[in-house]
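Working notes, structure below.
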């Protein structure tokens with residue numbers, strides 16, 4: 001049964017009383033399988049209908065221990081629902097207009113607030129209507145809430161998602177990783193002539209099988225499209241490096257990665273807004 005058939009069936013079953021926390025003979029709950037298969041729509045449906053992340057299987061392993069290793073799409077979906085259940089929000093939690101809540105799609109193009117770069121609107125009209133409530137919390141880029149970094153662009157092999165390689169190892173047909181998604185370095189077009197606003201992912205140095213270390217190896221930074229990929233060496237700005245790394249380790253996903261609004265002011269100057277970390281993004 002393919003994905004196109006499965007998702008409507010799962011939705012129908014859950015809407016008609018199916019138990020989202022049913023355990024199989026090994027004690028595993030449905031959401032665990034959705035994690036393993038990167039079934040993001042399935043994860044969304046199960047979380048919406050009350051999936052419990054703390055139910056252990058026969059080995060005592062809980063879904064709450066698994067989702068971080070299932071990749072950024074699963075992680076962003078789970079974290080979004082964890083915040084909803086706790087009555088919390090984070091900037092850019094969902095890809096929707098912050099005024100009318102219209103979802104991004106073929107007929108809805110979202111634009112960032114040109115000041116804070118963390119709020120999105122589907123139209124000028126929505127931005128105007130939302131301004132009275134957004135104005136008190138709109139924080140523009142400034143010296144007090146940003147760090148300035150010097151990107152370096154070194155082609156040291158290729159980048160491969162850990163979750164993708166894990167699924168391949170277990171025999172899942174996940175297909176190839178697009179070539180542009182494997183870039184270890186890339187300077188975006190037009191970056192020398194104008195400032196480019198973007199959402200970036202920052203990854204701190206990591207030790208396999210362990211927690212992020214105090215290593216001074218370069219930070220890895222890239223955008224969703226991988227049109228911008230760079231490394232940040234501590235020697236090029238120790239204070240800015242340490243500030244950004246500390247925020248990622250204390251507030252980021254598993255203490256290993258975090259998402260931030262940023263501006264690329266020429267290929268050798270990256271300004272990152274660090275007064276608030278964004279919601280986990282699906283990349």
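Just to be sure I understand: with springs between alpha-carbon atoms less than 10 Å apart, which residue in 181, 15, 73 has the highest mean-square fluctuation in the Gaussian network model of the chain?
Result: 15 has the largest fluctuation of those listed.
Report the label-to-label distance for residue 276 and residue 15 in nanometres (one decimal), using points 7 Å from each Cα along the Cα→Cβ vector.
Roughly 3.5 nm, to one decimal.
List the pair-distance distribution P(r) of the stretch 131-203, using every Cα-Cα distance, as the percent of pairs falling in each 5 Å bin from 0 up to the bin containing the longest distance, rounded to whole percents.
3, 10, 13, 17, 15, 11, 10, 10, 8, 3, 0
Roughly what angle does helix 124-134 make with the longest principal axis of the chain, taking Cα atoms, 0 to 90 degrees, to the nearest 10?
90 degrees
Suppose the chain between residue 59 and residue 138 were pulled fully straight at 0.36 nm per residue; how much longer would it get relative to their current alpha carbon spacing?
On the way: separation 79, 0.36 × 79 = 28.44 nm, distance 4.73 nm.
Full extension from residue 59 to residue 138 adds 23.7 nm.
Tell me what the chain gives for mean residue ellipticity at 222 nm when only DSSP H runs of n ≥ 4 count, each as -39,500 (n - 2.57), the sum divided by the residue total, rounded to 500 deg cm²/dmol. Don't skip to the end; give the middle numbers.
Values: 7 runs with 77 residues, N = 283.
Roughly -8000 deg cm²/dmol at 222 nm, from the helical runs in the chain.
Take the Cα atoms of the stretch 3-86, find their three principal axes, and give me the spread along each one in whole Å, biggest first.
Computed over the stretch 3-86, the largest-to-smallest principal extents equal 30, 29, 25 Å.
Roughly how far apart, in whole Å, are the Cα centres of the stretch 1-80 and the stretch 246-283?
28 Å
Quick check on the stretch 101-158: take the gyration tensor over C-alpha atoms, sort the square-rooted eigenvalues as a ≥ b ≥ c, and tell me if it's rounded (a/c under 1.5), prolate or oblate. Let's see the in-between values first.
Details: a/c = 4.37, a/b = 1.47, b/c = 2.97.
Cα axes put the stretch 101-158 in the oblate bin.
Helix 238-251: angle to the longest alpha-carbon principal axis of the chain, degrees 0 to 90, nearest 10?
So the inclination is approximately 20 degrees.
With a bin width of 5 angstrom, please list the P(r) values of the stretch 143-273 as percents of all Cα-Cα pairs, from the 0 bin to the one holding the largest distance.
2, 10, 19, 22, 21, 14, 7, 4, 1, 0
So how tilted is helix 72-86 from the main axis of the chain? Cα-based, degrees 0 to 90, rounded to 10.
80 degrees
Relative contact order of the chain, please, whole-number percent, based on alpha carbon pairs below 8 angstrom and at least 6 residues apart. Write out the running numbers ahead of the final one.
Numbers: 462 pairs, mean separation 50.3, N = 283.
Computed over the chain, the figure is 18 percent.
Between residue 251 and residue 48, 0.36 nm times their residue separation minus their Cα-Cα distance comes to what? List each step's numbers first, then the result.
Numbers: separation 203, 0.36 × 203 = 73.08 nm, distance 2.48 nm.
Full extension from residue 251 to residue 48 adds 70.6 nm.
Beyond 25 Å, what share of the Cα-Cα pairs of the chain remains, rounded to the nearest whole percent? Working shown, then result.
On the way: 21170 of 39903 pairs.
Distances greater than 25 Å cover 53 percent of the Cα pairs.
Quick one: which of 127-136, 247-256 comes out on top by average Cβ neighbours within 10 Å, and what's the full order, highest first?
Working: 127-136: 12.7, 247-256: 16.9.
Order by mean packing, descending: 247-256, 127-136.
Under a 10 Å cutoff between Cα atoms, tell me which one of 262, 70, 37 has the largest fluctuation in the Gaussian network model of the chain.
Among 262, 70, 37, the largest GNM mean-square fluctuation belongs to 37.
Here, each number is a calculation from the coordinates, and none is a lab measurement. In this text the structure is predicted, and so the values were computed from the model without any measurement. Because the Cβ atoms are built from the backbone with ideal geometry, glycine has one as well, and the counts that use them run over all protein chains shown.
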